[in-house]
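Asker: Before I ask anything, here is the structure I am working with.
The values are calculated or read from the model by the stated rules, or taken from the named source; none is laboratory data. From a predicted model like this one, the values you see are computed outputs, not experimental measurements. Please note: Cβ atoms are built from the backbone with ideal geometry, for glycine as well, and neighbour counts cover all protein chains shown.
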C-alpha cells in the first residue's frame with residue numbers, strides 16, 4: 001500500500017546511550033553524566049567486593065551531584081548494615097552457604113561480625129513489622 005522511497009543506502013541512526021539523574025530523573029546523554037562514589041553502608045556490589053560500602057551516583061550536573069553527595073554525607077555509616085548486605089549477597093548468589101565458616105569464607109567476615117549483621121538485620125525486620133499495618 002505505502003511505499004517509502006529514497007531509503008536505499010541510508011544508515012540507521014546509532015542509538016545514543018542515555019543516563020538518568022539520581023536526583024531529578026532527567027534523561028541525558030551518557031557522555032554528559034557526572035559520576036562518583038559516596039560512602040553507603042547499605043551498598044554491596046553484586047560482583048566486585050572491593051566496592052562494598054560505596055554507592056555509584058549519577059547526576060546530570062555538578063550541582064545535582066553535590067546535592068546527592070551531601071545527602072549521603074549526613075547518613076550514618078553503620079558497619080552492621082554493610083555486613084548484612086555482604087551476607088545477603090552471599091546467601092542469594094551461588095550455592096547455599098550452610099555454615100558460619102562458609103559464610104566467613106564468602107564474605108570475609110568473622111563470626112562476631114556475622115552474628116552482629118544477623119542481629120542488625122533481625123532488628124530492622126522487627127521494626128518494619130511494628131510499622132506495617
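Asker: Just checking: which of the helices (runs of 4 or more DSSP H) contained wholly in the range 60-133 hold 1 or more residues that are in contact with a strand residue (DSSP E or B) (Cβ under 7 Å, 6 or more places away or on another chain), modelled with pLDDT of 95 or more and closer than 30 Å to residue 17 by Cα?
Answerer: Ranges flagged: 62-73.
Asker: Would you pick out the residues in the range 23-59 that are more than 22 Å from residue 89 (Cβ to Cβ) and assigned to a loop (DSSP other than H, G, I, E, B)?
Answerer: Correct list: 23, 24, 25, 26, 33.
Asker: Next question. Kindly establish whether residue 55 is out of contact with any strand residue (DSSP E or B) (no Cβ under 9 Å at 6 or more places or on another chain), surrounded by 14 or more Cβ atoms within 10 Å (Cβ to Cβ) and either within 28 Å of residue 25 (Cα to Cα) or not assigned by TED's automatic domain parsing to the domain that holds residue 21 (or both).
Answerer: no
Asker: Next up: Any residue at all in the range 71-90 that's without any contact (Cβ under 8 Å) to a residue 12 or more places away in the chain and more than 15 Å from the chain's Cα centre (by Cα)?
Answerer: Looking for residues that are without any contact (Cβ under 8 Å) to a residue 12 or more places away in the chain and more than 15 Å from the chain's Cα centre (by Cα), one finds at least one in the range 71-90, hence yes.
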